[in-house]
Amino acid sequence: MTIIHEPLEKKDVRGSDQPTPHQGWSVNRIALWGIVISFMLVSIWSLIDIGVNPLTLFFERDDIGNLLQRMWPPTITELSSVWDATLDTFFMAFVGTFLGFLLAVPLGFLAATNMTRFAPLRAIARGVIVFTRAIPDLVFALIFVRVYSIGVLPGVLAIGLHSIGMLGKLFADSIEQIQTGPREGVQATGARRSQDIATGVLPQIVPSFIAITLYRLDINFRSSTLLGLVGAGGIGLQIRAYQGGLRYPELLGVTLLIIALIVLVEIVSTSVRATILGHDRTKVGLLTRLRGGPPASAFARSDSPPAGTPTNSASLRPPWTRERVTMYLFGLVTLVMLVLSFTMSDMSLGDMITGLPEIPQVLWRLVPTQFDWWQSQFADLLIETVLMGFAATFLALIFAVPTGFLAARNVAPARWVYVTARTFILGVRALPDLIVAVIFVAALGLGPKPGVLALAIGLFGFATKLFADAIEEVQEGPRDGIRATGASRLQESFSGVLPQVMPSLVGNSLYLLDVSIRGSTVLGIVGGGGIGFPLLQGAKLLKWDLLGGLLILIFLIVYTIELLAGWVRRRII
Amino acid sequence: MVTDTGSRSPIVEVTSLTKTFDNGRVRALDDVTLSVPEGQMTVIIGLSGSGKSTLLRHLNGMHQPTSGAVRVLGSDLVGLGSKDLRRLRRDIGFVFQSFNIVGRLSCLENVMSGALGRLRGPRYGVLSYSRSLRREALEQLDRVGLGDRAFQRTDTLSGGQQQRVAIARTLMQQPRIVLADEPVASLDPEISGQVMDVLFRSCVEDNITVLCSLHQVDLALGWANRMIGLRDGRVVLDTAVDTALDTERVMEVYKRLDPTGEKATEYESPAVHQ
Ligand SMILES: Nc1ncnc2c1ncn2[C@@H]1O[C@H](COP(=O)(O)OP(=O)(O)OP(=O)(O)O)[C@@H](O)[C@H]1O
Ligand SMILES: [Mg+2]
């Protein structure tokens with residue numbers, strides 16, 4: 001489970017055509033403000049309850065400093081096993097993403113209104129999507145480790161299963177957004193359904209499917225560094241060993257290695273995505289921008305033979321345009337990576353093929369048959385989990401909003417400020433929150449406090465990026481108007497920019513809360529408080545009823561928050 | 001009213017076709033009866049909203065009648081199963097106002113998709129079609145003057161060129177009937193003339209029956225043998241074109257009975273040059 005999560009649900013498509021409810025006090029508006037104000041109140045209460053505040057890190061500087069001293073200098077020993085673990089981590093993410101893709105494609109088609117007419121089937125598909133998205137991959141890993149034993153396999157299955165949620169949802173969205181005209185044209189020629197899908201639908205969705213999957217690969221690589229914490233293979237196993245053995249310099253060394261790898265994978269995946277999708281369709285990351293603009297899209301119009309240049313009429317084979325070369329290369333690299341995954345890591349295709357069909361059975365075992373697993377402390381822990389989510393979101397927001405302004409190209413006071421802020425948040429975002437939690441727990445002791453702080457740091461990076469991107473999208477007109485009145489730069493930001501970004505700010509904050517509560521459910525696994533600890537115990541003791549019961553409760557909480565956040569978001573954006 | 005082609009057997013027969021939308025609130029077609037013999041070139045004119053598209057879309061089963069009968073190529077289209085409908089559609093080409101080609105595919109692949117009805121499985125990529133089909137598609141592209149654009153992405157073409165690709169796709173179907181719904185409505189006048197010429201010339205060459213809805217009456221006159229006028233879903237004009245065409249009668253179609261009607265003021269009279 002990492003902070004860096006799925007993009008906002010196709011925010012602009014559904015949201016923007018709704019009228020902004022700025023006139024009158026409609027029931028909706030009252031409900032909206034009611035929710036926003038209670039969000040504030042709950043957040044403040046949870047800060048008090050957990051005992052953290054925006055300056056906690058500052059007050060705790062001695063303990064953290066002490067720990068950092070014991071960690072210094074970062075070291076990497078046992079190079080060959082670290083190397084193997086790194087490879088395992090990467091291949092785990094790769095194969096897991098591939099598996100998720102294979103499962104999510106049919107699910108996306110089943111969940112799309114323009115593909116599946118039969119509503120109950122659609123509802124089932126949506127249900128699977130919602131469930132797999134709500135359960136963190138770390139929790140899936142926790143369960144699978146008990147079934148398939150320690151190793152890469154449970155990690156791959158966990159990543160694959162959790163990925164279907166986001167992939168299936170985004171796939172279904174992009175299928176629902178295709179133009180109907182081309183399909184109608186193909187159908188009018190008397191094409192069969194399969195032909196209609198291959199010719200009328202596939203060409204429209206392939207680029208976005210690839211881009212979405214690459215984005216997921218990026219996310220999955222981040223989480224695959226953590227899965228080892230519960231024994232599911234990869235570099236996280238090292239972290240767990242170093243933490244348990246109090247080998248702090250090595251812990252720091254491996255952490256820095258992980259950060260570097262995450263940044264690297266993000267750069268690669270962003271570039272590949274930009275190449276495949278074209279920069280008009282995807283957010284191009286900072287580094288690409290700093291390098292002087294995104295690479296031209298492989299699908300860009302300019303790649304076709306220029307108008308008027310006759311192609312050899314006699315030729316019946318398509319020419320090797322850049323677009324085609326890119327696609328073939330992409331396919332080839334994917335294939336090579338898959339082969340390498342099964343040869344270079346200790347993953348076996350056979351195990352996967354026998355393991356996969358057992359999953360429904362494993363999940364079935366989790367369905368509680370009676371209620372004697374319930375303990376009254378669980379209620380407290382569930383509440384604590386939710387409060388941790390609120391507290392972390394609130395802390396993150398306090399710092400993210402101002403930093404967002406510094407990290408937005410169009411409002412940053414100077415270019416160096418923008419570059420520094422962007423680089424800083426790129427670094428923060430590469431810090432896996434659970435590793436930060438491991439470190440904070442080591443420094444401050446067990447409990448929700450270190451958990452919240454770690455989660456807040458992760459959310460801060462994520463939120464700043466979201467805000468900065470939103471600010472960069474504001475229209476210039478209103479700002480110019482304010483500037484023309486002789487306003488200062490700060491006034492200009494407040495009057496010309498803030499009103500414009502306000503809706504997306506609120507929307508993003510609610511989304512953060514959603515992500516935050518998902519994140520807080522697993523913090524307990526490393527001692528960071530909340531419901532994660534009994535989950536870990538349940539898995540260790542093979543108490544399937546307890547595990548399943550808690551999962552259902554977590555699912556209900558996460559899903560309720562998601563529905564609420566989504567409802568509010570649709571009304572403001 | 002049409003007399004010159006009466007000897008040939010009808011290929012399209014519409015009897016008392018009525019179509020309502022929104023639970024009867026909108027009456028798009030009102031008791032339309034017409035029959036078209038093989039090889040005839042028919043142009044359908046009428047105000048926006050008069051029911052031209054609705055009529056054409058009944059002829060390949062994209063709409064089902066509220067009441068009345070539609071027979072095309074000897075099959076009754078009402079209640080036809082989806083498999084039979086698909087088989088029938090192979091013989092009916094449809095040219096859309098908005099082209100409805102797949103923009104991301106190359107021109108050649110778009111044209112080849114016209115052959116899908118003849119093929120068994122799904123196809124993805126130019127190389128998934130046989131060499132002979134590729135050659136055939138290239139010939140069709142040549143016919144519409146785009147042989148040099150075979151491997152260009154279709155959405156990089158101009159509107160007129162895209163519509164020519166769509167026409168080539170329709171010709172690739174080897175249809176017996178082509179239905180064209182305002183094929184040039186989104187093109188400028190000069191390009192419109194070229195596209196209409198390509199469409200009608202190819203259909204005459206291949207002996208394809210054409211039903212084409214149009215706003216610009218003058219464009220049709222060179223090729224059409226028959227003109228049908230629709231107003232408020234009813235046939236108000238049905239005349240052979242080779243006899244001296246009465247401009248007045250054609251213009252009548254564009255006038256609404258109620259001179260205060262919104263459409264009458266909104267709509268500019270079409271150009272009719274003879
Ligand atoms: N799917 C539909 N649902 C509801 N009403 C419809 C639908 N399709 C057509 N109509 C209505 O039926 C009437 C005839 O529409 P049609 O599209 O056939 O007109 P048209 O002659 O093709 O007009 P245009 O020249 O603008 O294309 C119009 O009043 C239209 O609003
Ligand atoms: Mg129409």
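The values are calculated or read from the model by the stated rules, or taken from the named source; none is laboratory data. None of the values given here were measured: they were computed from a predicted structure. Neighbour counts run over all protein chains shown; Cβ positions are idealised from the backbone, glycine included. When the accessible area is computed, the model is the full protein with side chains, heavy atoms only, and any ligands, DNA or RNA have been set aside. Shrake-Rupley method; radii C 1.70, N 1.55, O 1.52, S 1.80 Å.
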Region B:143-157, residues that are without any contact (Cβ under 8 Å) to a residue 12 or more places away in the chain and of a type in the set (D, E, K, R): B:Asp148
Look at region B:172-216 and say how many of its residues are within 16 Å of ligand 2 (Cβ to nearest atom) and over 15 Å from the mean Cα position of the chain (by Cα). 1
Which ones in region A:514-545 are open to solvent by 10 Å² or more (accessible area, probe 1.4 Å) and among the hydrophobic types (A, V, I, L, M, F, W, C)? A:Ile525, A:Val526, A:Phe533, A:Leu536, A:Leu541, A:Leu542, A:Trp544
Could you list all residues from region B:29-61 that are aliphatic (A, V, I, L, M) and near ligand 1 (Cβ under 10 Å from one of its atoms)? B:Leu29, B:Ile44, B:Ile45, B:Leu47, B:Leu55, B:Leu56
Report yes if some residue within region A:167-174 is of a type in the set (Ser, Thr, Tyr), within 20 Å of the chain's Cα centre (by Cα) and under 22 Å from A:Val558 (Cα atoms); otherwise report no. no
Of (1) buried (at least 22 other Cβ atoms within 10 Å of the Cβ); (2) assigned to a loop (DSSP other than H, G, I, E, B), B:Phe151 fails just (1)
Only one residue in B:Asn110, B:Asn100, B:Asn60 is in the same structural domain as B:Gln140 (by TED's automatic domain parsing), open to solvent by less than 20 Å² (accessible area, probe 1.4 Å), within 16 Å of ligand 2 (Cβ to nearest atom) and not basic (Lys, Arg), so which one is that? B:Asn100
All positions within region B:89-143 that are within 16 Å of ligand 1 (Cβ to nearest atom) and either at the interface with chain A (Cβ under 7 Å from one of its Cβ atoms) or farther than 24 Å from B:Asp188 by Cβ (or both): B:Phe94, B:Phe96, B:Ser98, B:Asn100
Cβ-Cβ distance below 7 Å, separation of 6 or more or different chains: which pairs start in region A:40-53 with a residue that is not assigned by TED's automatic domain parsing to the domain that holds A:Gly451 and at pLDDT below 90 and end on one that is of a type in the set (Asp, Glu) and open to solvent by less than 80 Å² (accessible area, probe 1.4 Å)? none
Taking region B:63-88, which residues are more than 14 Å from chain A (Cβ to nearest Cβ), over 25 Å from B:Asn207 (Cα atoms) and either away from ligand 1 (no atom under 16 Å from the Cβ) or crowded, with 22+ Cβ neighbours inside 10 Å (or both)? B:Ala69, B:Val78, B:Gly79
What is the one condition in (1) open to solvent by 60 Å² or more (accessible area, probe 1.4 Å); (2) under 21 Å from A:Leu551 (Cα atoms); (3) within 27 Å of the chain's Cα centre (by Cα) that A:Leu366 does not satisfy? (1)
Among (1) open to solvent by 10 Å² or more (accessible area, probe 1.4 Å); (2) in contact (Cβ under 8 Å) with a residue 12 or more places away in the chain; (3) more than 14 Å from every other protein chain (Cβ to nearest Cβ), there is one condition B:Glu205 misses while meeting the rest; what is its number? (2)
Would you list the helices (runs of 4 or more DSSP H) that sit entirely within region A:153-245 and hold 2 or more residues that are under 30 Å from A:Asp433 (Cβ atoms) and free of Cβ contacts under 8 Å to residues at least 40 places away in the same chain? A:235-244
Scanning region A:146-156 residue by residue, the ones that are buried (at least 24 other Cβ atoms within 10 Å of the Cβ) and more than 15 Å from A:Asp346 (Cβ to Cβ) total 0
Answer yes or no: is there a residue in region A:315-322 that is open to solvent by less than 40 Å² (accessible area, probe 1.4 Å) and in contact (Cβ under 8 Å) with a residue 24 or more places away in the chain. no
Tell me yes or no: at least one residue of region B:114-121 is without any contact (Cβ under 8 Å) to a residue 12 or more places away in the chain and surrounded by 22 or more Cβ atoms within 10 Å (Cβ to Cβ). yes
If a residue has to be open to solvent by 60 Å² or more (accessible area, probe 1.4 Å) and in a helix (DSSP H, G or I) to count, how many in region A:479-499 make the cut? 9
Got a number for residues in region B:144-200 being out of contact with any strand residue (DSSP E or B) (no Cβ under 9 Å at 6 or more places or on another chain), of a type in the set (D, E, K, R) and within 12 Å of another protein chain (Cβ to nearest Cβ)? 2
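How many residues does region A:313-334 hold that are part of a helix (DSSP H, G or I) and over 15 Å from A:Ala93 (Cα atoms)?
Filtering region A:313-334 down to residues part of a helix (DSSP H, G or I) leaves A:322-334.
Those left that are additionally over 15 Å from A:Ala93 (Cα atoms): A:322-333.
Number satisfying all stated conditions: 12.
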Say whether the condition of being farther than 18 Å from B:Phe99 by Cα and either away from chain B (no Cβ under 14 Å) or open to solvent by less than 10 Å² (accessible area, probe 1.4 Å) (or both) is met by at least one residue in region A:180-196. yes
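Pick from A:Phe378, A:Phe394, A:Phe390, A:Phe405: which is surrounded by fewer than 20 Cβ atoms within 10 Å (Cβ to Cβ) and in the same structural domain as A:Ile44 (by TED's automatic domain parsing)?
Working: A:Phe394 fails: surrounded by fewer than 20 Cβ atoms within 10 Å (Cβ to Cβ); A:Phe390 fails: surrounded by fewer than 20 Cβ atoms within 10 Å (Cβ to Cβ); A:Phe405 fails: surrounded by fewer than 20 Cβ atoms within 10 Å (Cβ to Cβ).
A:Phe378 is the lone residue from the list that is surrounded by fewer than 20 Cβ atoms within 10 Å (Cβ to Cβ) and in the same structural domain as A:Ile44 (by TED's automatic domain parsing).
Just checking, how many residues over region B:24-57 are hydrophobic (A, V, I, L, M, F, W, C), more than 14 Å from chain A (Cβ to nearest Cβ) and within 12 Å of ligand 2 (Cβ to nearest atom)? Steps first, answer last, please.
Step one: list which residues in region B:24-57 are hydrophobic (A, V, I, L, M, F, W, C), which gives B:26, B:28-29, B:32, B:34, B:36, B:41, B:43-45, B:47, B:55-56.
Adding the requirement that they be more than 14 Å from chain A (Cβ to nearest Cβ) leaves B:26, B:28-29, B:32, B:34, B:36, B:41, B:43-45, B:47, B:55.
Add one more test, that the residue is within 12 Å of ligand 2 (Cβ to nearest atom), and what stays is B:28, B:44-45, B:47, B:55.
Selection size over region B:24-57: 5.
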Residues B:Asp91, B:Asp84: which one is among the acidic types (Asp, Glu) and either at positive phi or touching a residue at least 24 places away in the same chain (Cβ under 8 Å) (or both)? B:Asp91
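Please verify whether B:Lys52 is within 26 Å of B:Gln161 (Cα to Cα) and basic (Lys, Arg), treating the condition exactly as stated.
Judged against the criteria, B:Lys52 is a match.
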Return yes when A:Gly155 is among the small types (Gly, Ala, Ser) and within 14 Å of another protein chain (Cβ to nearest Cβ) and no when it is not. no
Of the candidates A:Asp84, A:Asp88, the one satisfying the condition of being surrounded by 15 or more Cβ atoms within 10 Å (Cβ to Cβ), under 30 Å from A:Pro154 (Cα atoms) and more than 22 Å from the chain's Cα centre (by Cα) is A:Asp84
